[in-house]
Amino acid sequence: MLFSAVAMHIPDGFLSIVVLVVCWVISLTVIGVALRRLNRLDSDRNDSLMGVLAAAIFAGQMLNFSVTGGTSGHLLGAALATILVGPYAAVLVMTIVVSTQALLFQDGGLLALGANLFNMAVVGVFVAYAVNRLVRRLLGETRLAIFISGFAAAWSSIFVASLACALELAFSGTSPANIAVPAMGGIHALIGLGEGLITLGALAFIYAARRDLLKLGQAQPNGSRAVLIGGTLLAVGLTVFSPWASSHPDGLEWVAEEHGFLGAARDSLYSIIPDYVMPGIQNEALATIVAGVVGVLVVLGLTLGLAYVRRNIRRHAS
Amino acid sequence: MSGGIFADTHHSMHDPYQPGNSVIHRLDARVKLLLTIALIVTGALAAPGAWIVYVLLLTVTLSAAILSELGVGYVLRRSLLVLPFMLAALPVLFAQPGAALLSWAQLSLTVAGLERFLGVVFKSWISLQAAIVLVATTPMPDLLLALRALRLPGLLVSMTGLMWRYLFLMVEEVQRLLRARLARSSVAADGRRGGGTLIWRAQVAGGMVGGLLVRSFERSDRVYAAMLARGYDGEIRLLPRPPAAVWNVVVLVAGLLFFAFVTVLGVLYA
């Protein structure tokens, strides 16, 4: 289950308000810039390309290969999209894919969408672009260079995005950094290999069948210096910061408590159990359980009541 | 291969819309979208131990499930999707300070940890239910129009619409590819498999992805030519929507007031 691309789609409820707001602001800004860039640069662009490509990548995520013991490798596709249509269009393609997964298929939460967009559409695409460019600059423009840079871009986009995901969980106080970072990073270092191999296979096919498409991606004027620098900074920053955060989990917890001002304010407002014990019950744990049972009964009562009223109304109507 | 080819893929790639004529189906898509977001925000604002908020929100989602005639069973079954991600929140059980309820080796389960874990579980579970009711009662075109009405950029909305138009076509293409691969892959009764190394298998999957992408490029060229031929000039023209009926506005205002009330209640009862 963890060996699929979905391990990175954070549901609602896992992230604190501060982390959510920060991620939304960054993601919306990048998406806004990407939209403006595309509107300005490509006056005669093929308007259907991004939609159709998004559908292909969405469906392509179903293409898997068996690894071992029932696990299988999947595709996320951020690196492939970046290589084929350039970073700004790829941001939009991944935005469409990730948003539709959240909205229609409940793969990732609606509020958490800001963070999921940040991880997969911003970090994934920017890192893929930066790595792809840098490796190609080192190796030249040979066939081998295209494949190696594609593999490296795919692996690092998955790995760095998973670090971002782990840090978001840690900053929200949902999963301590010393557990979340090694767990997410370790699993996705493996998943990234699968992504890299699939990307490699796809590039080999496209190179043989439609080499012009790869040229098209290269020639995209939209790959600006800003994405290159941003992607490099994200990759280096997250890979350096994650081990640090992981070895100082208390520091991060402190940040989450102190600077997550809403979280902190909330915790003091809601220190619920000490003064909110069910009357007559001394034991805290028991009081919590009783409160839970009462809650369940209230829900059951109200919904059953509603169902009953509805049935009565219908009987009267017919 | 006991579960079929797609046993390990996460998405059940079907349009989640369930046709119907219930109150919830007839409610304006904009109102539904706003109220769903309001419900999830209310949940997100609630503290780990604010049980009253969870109880009230759960009442809302289950009532919506009943009113929409989807049935509580349908919504609850689909909401189990969230379970795998619960693993990520498990460590929090043992990471909070406080008196230990249970101790096991070096780990100690505390009330604060349990509270925070259950808070996360409830929030994601309830949010999921709300989203399930929303998409099961609202067709995708209406959702897109609602997003457009809420000022989402037009390009993004029309791209998403195009993606939705071609998604199921592509899914069928992928299913054909997978079936063809399965048909050519031999597996003996005792579990021996044909085929090459792991890397070779990955390359084959990659080649299939590459083929899909090349076809999608070619398809999009034809699609765009057809769009231009039909007068596309960068804007998609839609049937004008009828204005929202008064009862929609009433539901919206009442709903928003209710969620504000629940948020305040959550703070007060702390």
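If you take the residues of segment B:194-238 that are among the hydroxyl-bearing types (Ser, Thr, Tyr) and part of a helix (DSSP H, G or I), which of them is farthest from A:Tyr207 (Cα to Cα)? For segment B:194-238, the residue satisfying everything is B:Tyr224.
Can you confirm whether A:Ala177 is at pLDDT below 90 and surrounded by fewer than 24 Cβ atoms within 10 Å (Cβ to Cβ)? Considered against the rule, which asks whether it is at pLDDT below 90 and surrounded by fewer than 24 Cβ atoms within 10 Å (Cβ to Cβ), A:Ala177 comes out as no.
Report yes if B:Ala131 is touching a Pro at 6+ places or on another chain (Cβ under 7 Å) and crowded, with 19+ Cβ neighbours inside 10 Å, otherwise no. Against the criterion (touching a Pro at 6+ places or on another chain (Cβ under 7 Å) and crowded, with 19+ Cβ neighbours inside 10 Å), B:Ala131 does not qualify.
When B:Ala130 is tested against (1) of a type in the set (Gly, Ala, Ser); (2) more than 8 Å from every other protein chain (Cβ to nearest Cβ); (3) more than 20 Å from A:Leu104 (Cβ to Cβ), only condition (3) is not met.
Apart from one condition, A:Leu167 fits all of (1) under 29 Å from B:Ser124 (Cα atoms); (2) in contact with a helix residue (DSSP H, G or I) (Cβ under 6 Å, 6 or more places away or on another chain); the exception is (2). Of the residues making up segment B:29-74, those that are farther than 20 Å from B:Leu257 by Cα and touching a residue at least 60 places away in the same chain (Cβ under 8 Å) number 6. Tallying residues that are farther than 22 Å from A:Met184 by Cα and within 11 Å of chain B (Cβ to nearest Cβ) within segment A:18-31 yields 3.
For every residue, the table says whether it meets (1) closer than 27 Å to A:Ala81 by Cβ; (2) free of Cβ contacts under 8 Å to residues at least 60 places away in the same chain.
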{"residue": "B:Leu143", "(1), (2)": "yes, no"}
{"residue": "B:Ala188", "(1), (2)": "no, yes"}
{"residue": "B:Thr197", "(1), (2)": "no, yes"}
{"residue": "B:Ala226", "(1), (2)": "yes, yes"}
{"residue": "B:Gly234", "(1), (2)": "yes, yes"}
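When segment B:145-164 is limited to residues that are within 9 Å of chain A (Cβ to nearest Cβ) and under 18 Å from the mean Cα position of the chain (by Cα), the one that is nearest to B:Ser220 (Cα to Cα) turns out to be B:Met163.
The values are calculated or read from the model by the stated rules, or taken from the named source; none is laboratory data. In this text, all values refer to a predicted model and were calculated from it rather than measured experimentally. Virtual Cβ from ideal backbone geometry, glycine too; neighbours counted across all protein chains shown.
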